[in-house]
1. Return one number: the angle in degrees, 0 to 90 and rounded to the nearest 10, between the long axis of the Cα atoms of helix 196-207 and the longest principal axis of the Cα atoms of the chain.
2. If one takes the longest principal axis of the Cα atoms in the chain, at what angle in degrees, from 0 to 90 and to the nearest 10, does the Cα axis of helix 295-312 lie?
3. How much FRET efficiency would the formula 1/(1 + (r/R0)^6) give for ASP211 and SER291, where r is the Cβ-Cβ distance and R0 is 41 Å, rounded to 0.05?
4. In a Gaussian network model over the chain where Cα atoms closer than 10 Å are linked, find which of GLY183, GLY353, GLY209 has the largest mean-square fluctuation.
5. May I ask you to compute the full-extension gain from ASP39 to LEU243, defined as 0.36 nm times their residue separation minus their alpha-carbon distance, rounded to one decimal in nm?
6. In Å, what Kirkwood hydrodynamic radius results for the chain from the alpha-carbon pair distances?
7. Can you compute the helix-only [θ] at 222 nm over the chain? Use -39500 (n - 2.57) per DSSP H run of at least 4 residues, normalise by all residues, nearest 500 deg cm²/dmol.
8. Could you tell me how many degrees, from 0 to 90 and to the nearest 10, lie between the Cα long axis of helix 231-240 and the main elongation axis, the longest principal axis, of the Cα atoms of the chain?
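The values are calculated or read from the model by the stated rules, or taken from the named source; none is laboratory data. Given the structure is predicted, the values throughout are model-derived calculations rather than measurements. Using ideal geometry, Cβ is built from the backbone for each residue, glycine included, and neighbour counts are taken over all protein chains shown. The accessibility values were calculated without ligands, DNA or RNA, using every heavy atom of the protein model including side chains. Shrake-Rupley method; radii C 1.70, N 1.55, O 1.52, S 1.80 Å.
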Amino acid sequence: MRRPFVVLLAALAMPAVAPAQGDSTTAPDPIAQLVARLDLEPYKATIKRLTNFGDRRQGTDRNRAAVDWIEAQLRSYGCSNVARLRYEYQPPSSPSPGGRGGQGVRTDDRGGQGVTPAAGGGRYRGIRARTGVNTDSTKQPDARLRALDAQASTPGEREEVYCTKIGTTHPGEMYIVSGHMDGIGWGEAANDDGSGTALVMELARVFSGPDVRTDRSIRFILWNNEETGLNGSRAYVEQRRALQGSPEEPKWLGMIQHDMMLFDHGMPRAHGTLAAEQRPEADVNIEFQSSAKFAAEAEQLAWTFERANEKYATDYPASVSSHMTNTDSAPFQDYVPAISLRENERGTQIGAGWDPNWHQPTDLYATYGDKDFQLGLNAAQTTLGAVAGLVGATIK
Ligand SMILES: [Zn+2]
């Protein structure tokens with residue numbers, strides 16, 4: 001049976017916000033005003049403060065302290081209905097070798113028949129560099145950080161925090177805007193995923209402004225246990241999917257995940273090295289998954305974000321592609337239109353070594369410069385602009 005696609009398209013349509021031509025008395029675009037409430041310095045400051053908790057590995061005191069701090073921040077922004085999801089996490093008895101990261105090789109992949117596709121189904125192009133997860137504490141040269149990251153994970157109960165902007169006319173319908181707050185690799189998880197966590201927190205701050213109204217609701221969630229295999233987002237889907245439409249859980253209209261927002265220095269060069277600076281043609285990668293049940297609707301949602309990027313992002317453009325994978329939107333993708341925003345495509349680019357700090361001791365706040373942070377801010381502008389349109393945001 002076909003889904004009611006026309007209804008969905010109506011829901012996804014951006015409201016007409018542009019002032020009528022030639023009418024100088026028309027009020028300014030409220031979405032542009034909301035986007036202007038984002039700034040580079042508060043975004044950087046939030047990432048910096050997340051790195052005070054080291055790598056925030058799940059099942060540790062530093063992870064729990066970070067969840068507490070995030071909750072206190074959300075409350076301070078005035079975000080309503082702050083709550084926690086609780087679930088049990090038991091690690092698998094024999095972890096898969098190499099984790100979820102693709103084990104890249106220094107090789108030219110010329111494509112053609114029989115080539116193994118990238119994670120998510122994409123095709124590798126050009127030069128690939130090695131990837132993997134650092135599990136060796138001695139690779140972290142900073143003794144202070146090595147000590148901060150030292151406590152090992154203990155199996156058991158986990159918590160993750162969320163809050164909700166309540167819509168005024170359709171409170172029982174919501175978009176989910178999320179990132180993951182846990183990390184690995186014996187660094188500070190500044191990019192993966194302090195950058196996505198800070199983006200979601202900044203949007204919670206702006207949408208929670210006392211003068212901001214939205215027709216529909218927005219839930220801001222900071223997942224735990226992403227790095228062990230999306231356990232926190234899977235737990236949310238398992239516990240709350242059937243509650244949709246009840247007073248406890250608004251109906252899900254779409255899910256937007258943010259993971260690694262800063263670093264787009266381009267393809268590795270022939271000897272595996274990368275450009276020192278953000279490439280000027282860096283972009284925000286918006287991905288949907290073409291094999292998802294809601295692929296067509298997710299694609300529409302992705303293009304809505306691309307249009308919002310063109311209209312509201314100050315520096316960097318956005319690209320849309322079809323191989324979303326290995327991220328917390330995946331457990332949602334067969335139930336609701338789901339997309340992810342990232343610095344690079346996860347499968348064909350991150351998986352080919354485009355981010356040398358990924359899961360490494362070098363994923364430190366100090367590793368990144370303002371051109372890197374600016375890419376993350378442009379992703380924030382993109383999501384804020386798109387979601388503000390989708391939920392009918394206005395300023396009182
Ligand atoms: Zn991540």
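1. 20
2. Computed tilt is about 80 degrees.
3. 0.45
4. GLY209
5. 69.8 nm
6. By the Kirkwood definition, the hydrodynamic radius is 21.2 Å.
7. Computed ellipticity for the chain at 222 nm equals -8500 deg cm²/dmol.
8. 30
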